[in-house]
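The values are calculated or read from the model by the stated rules, or taken from the named source; none is laboratory data. Keep in mind the model is a prediction, meaning the values are calculated, not measured. As a convention, Cβ positions derive from the backbone with ideal geometry for all residues, glycine included, and neighbour counts pool all protein chains shown. What goes into the accessible areas is simple: the full protein's heavy atoms, side chains included, and nothing from ligands, DNA or RNA. Shrake-Rupley method; radii C 1.70, N 1.55, O 1.52, S 1.80 Å.
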Amino acid sequence: MWGGRFASGPAAIMEAINASIGFDQKLYAQDIRGSIAHSEMLAAQGIITAEDQVAIAEGLRTIQREIETGSFQFSRQLEDIHMNVESRLATLVGPAAGRLHTARSRNDQVAVDFRLWVKDELARVDHALTKLIAAFLNRAEEHAATVMPGFTHLQTAQPVTFGHHCMAYVEMFGRDLSRVRDASARLDESPLGAAALAGTGFPIDRHSTAQALGFREPTRNSIDSVSDRDYALEFLSLSAICATHLSRLAEEIVIWSTPQFGFIRLSDAFSTGSSIMPQKKNPDAAELTRAKTGRINGHLIALLTVMKGLPLAYSKDMQEDKEAVFDAAETLDLMVAAMTGMVSDMTVQTEAMARAAGSGYSTATDLADWLVRTLNLPFREAHHVTGRAVALAEAKKIGLEELALADLQSIHAGITDAIFDVLSVENSVGSRTSYGGTAPDQVRKQIAYWKERLAQG
């Protein structure tokens, strides 16, 4: 491959560390797309003949069929997907294959291949996240008025609805979806034609190849074109953030499905049993989703570390970018699919949620708010009065709503029996009518907003 510059072939160790065909063969479709577009441009510009271009394109399509049917023989000696394809093309079409690489380098070739691959993967993640958001919207609509405890510090805080809780994840994954689309817009530039780092003296048309490959426009600096891996880092970054959201959801599913909570039940499709305890039903899909987040985070840190000290332009260190991105993409695809399945599949135990919603004196804030609104107490004083009421209820081992009016009046004489209208869980939830609050009507408004947003793309 190296022509006359090197007298001997690579040592076995050098071959092993240098070869990337074991993983970059995933780029075969993008590599062939890029090469066909490049050959068409070369022919249109009169750099190669039309006859050579036809032979090249037919040969490349034959190679794609061979790869997809499993008959293509990959060689580690040829290092990477680019040289494997080029070598096979030479066998198929002869000297015309040697003209394909005119006015390009493997540096811009791999850059365009990898951008195309990440762009394609972002489209897949976009679709998957849209399905996950839709699954949450369905559950939120079904449970817009289903009460459950809201938590801070994993301690009962205030009652909310399960629909409102689901909509919190809609917001999280909605931001993930926006990051996917932002990243796709930023990488939508074609590096093809930057050559090794300085561009080329051939009269190429970079705008035509960019258009042929579905890019918005060509990149504007040939050095940056071959040395940029921001799109890979950004993909890993948005994947890590999305995985963190998936992990938080997985943690809640693990907690909610315990007998101690009993908020949901997972079907057998997303659970496993125990080899020794026949009563067990383990939420393994959620636990594995939670664990795989570390894998994606690790890939992000690894590539950041690879890129942090590289001088411009291209260095072979960048070969380490692909395995990280490929594995993160496969992992994220699986995690999103698993969570979408669990959200759609789980059975919500509404009675258990309702019982828990009033635990831990969850309507204490409603008592304090009533004291402010009705008796015009400063909030800090109302907070103190409410704290005394909670202490009294705790001493009596009863709920706030079970305290006698006389007990409450012993704490503050101005309290009337109207207080009992705000101490129920349902009234508490219904009173939270501020924009984005947990009142069922507010939840339904946010569901309608997100349905319209998804419908508009």
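Residues are listed down the side, and each one gets a yes or a no for (1) free of Cβ contacts under 8 Å to residues at least 60 places away in the same chain; (2) buried (at least 19 other Cβ atoms within 10 Å of the Cβ); (3) assigned to a strand (DSSP E or B):
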position	(1), (2), (3)
Ala285	yes, yes, no
Gly294	yes, no, no
Gly309	yes, no, no
Met318	no, yes, no
### Inter-residue pairs, beta-carbon under 7 Å, first in contact (Cβ under 8 Å) with a residue 24 or more places away in the chain and closer than 18 Å to Asp228 by Cβ and in the range 110-127, second polar (S, T, N, Q) and open to solvent by less than 10 Å² (accessible area, probe 1.4 Å), 6+ apart
Ala111/Ser225; Val112/Ser190
### Query
In the range 254-268, what residues are under 12 Å from Thr347 (Cβ atoms) and either under 25 Å from the mean Cα position of the chain (by Cα) or among the basic types (Lys, Arg) (or both)?
Trp256, Ser257, Ile264, Arg265, Leu266, Ser267
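Of the residues Ala196, Ala145, Ala212, which is over 18 Å from the mean Cα position of the chain (by Cα), of a type in the set (Gly, Ala, Ser), closer than 27 Å to Thr365 by Cβ and open to solvent by 10 Å² or more (accessible area, probe 1.4 Å)? Write out each step before concluding.
Details: Ala196 fails: closer than 27 Å to Thr365 by Cβ; Ala212 fails: closer than 27 Å to Thr365 by Cβ.
Ala145 is the lone residue from the list that is over 18 Å from the mean Cα position of the chain (by Cα), of a type in the set (Gly, Ala, Ser), closer than 27 Å to Thr365 by Cβ and open to solvent by 10 Å² or more (accessible area, probe 1.4 Å).
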### Query
Among the residues of the range 177-188, is any under 30 Å from Ile47 (Cβ atoms), out of contact with any Gly (no Cβ under 8 Å at 6 or more places or on another chain) and not aliphatic (A, V, I, L, M)?
yes
### Message
Quick check on the range 167-190: of everything there that is within 30 Å of Ala364 (Cβ to Cβ) and in contact (Cβ under 8 Å) with a residue 60 or more places away in the chain, which residue is surrounded by the most Cβ atoms within 10 Å (Cβ to Cβ)?
### Response
Met167
### Task
Answer yes or no as to whether Ser237 is within 21 Å of Gln45 (Cα to Cα) and among the hydroxyl-bearing types (Ser, Thr, Tyr).
no
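For every residue, the table says whether it meets (1) in contact with a helix residue (DSSP H, G or I) (Cβ under 9 Å, 6 or more places away or on another chain); (2) modelled with pLDDT of 95 or more; (3) open to solvent by 40 Å² or more (accessible area, probe 1.4 Å).
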| position | (1), (2), (3) |
| --- | --- |
| Phe202 | yes, yes, yes |
| Ser225 | yes, yes, no |
| Ser239 | yes, yes, no |
| Leu249 | yes, yes, no |
| Ala269 | yes, no, yes |
### Query
Since Gln158 meets every condition but one in (1) within 30 Å of Glu40 (Cβ to Cβ); (2) crowded, with 18+ Cβ neighbours inside 10 Å, which condition does it not meet?
(1)
### Query
All but one of (1) buried (at least 20 other Cβ atoms within 10 Å of the Cβ); (2) at negative phi hold for Ala103; which doesn't?
(2)
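Quick one: count up the residues across the range 104-136 that are over 22 Å from Gln319 (Cα atoms) and not β-branched (Val, Ile, Thr).
Taking the range 104-136 as the starting set, the residues that turn out to be over 22 Å from Gln319 (Cα atoms) are 123-136.
Among the residues that remain, those that are also not β-branched (Val, Ile, Thr) are: 123-124, 126-129, 131-132, 134-136.
The total comes to 11.
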### Message
It is to be established whether one or more residues within the range 133-141 are open to solvent by 20 Å² or more (accessible area, probe 1.4 Å) and without any contact (Cβ under 8 Å) to a residue 24 or more places away in the chain.
### Response
no
### Task
Kindly provide the set of residues from the range 62-86 that are without any contact (Cβ under 8 Å) to a residue 24 or more places away in the chain and among the acidic types (Asp, Glu), ordered by number.
Glu66, Glu68, Glu86
### Message
Go through the range 130-153 and report how many residues are under 22 Å from Asp333 (Cβ atoms) and among the β-branched types (Val, Ile, Thr).
### Response
2
## Note on the structure
Counted residues in the range 332-363 being crowded, with 23+ Cβ neighbours inside 10 Å and either free of Cβ contacts under 8 Å to residues at least 12 places away in the same chain or within 22 Å of Ser257 (Cα to Cα) (or both) come to 7
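Within the range 41-57, can you find the residues that are loosely packed, with under 14 Cβ neighbours inside 10 Å and either out of contact with any Lys or Arg (no Cβ under 9 Å at 6 or more places or on another chain) or hydrophobic (A, V, I, L, M, F, W, C) (or both)? Spell out how you get there, then give the answer.
Initially, the range 41-57 is screened for residues loosely packed, with under 14 Cβ neighbours inside 10 Å, giving 46, 49-51.
Gly46, Ala50, Glu51, listed by residue number.
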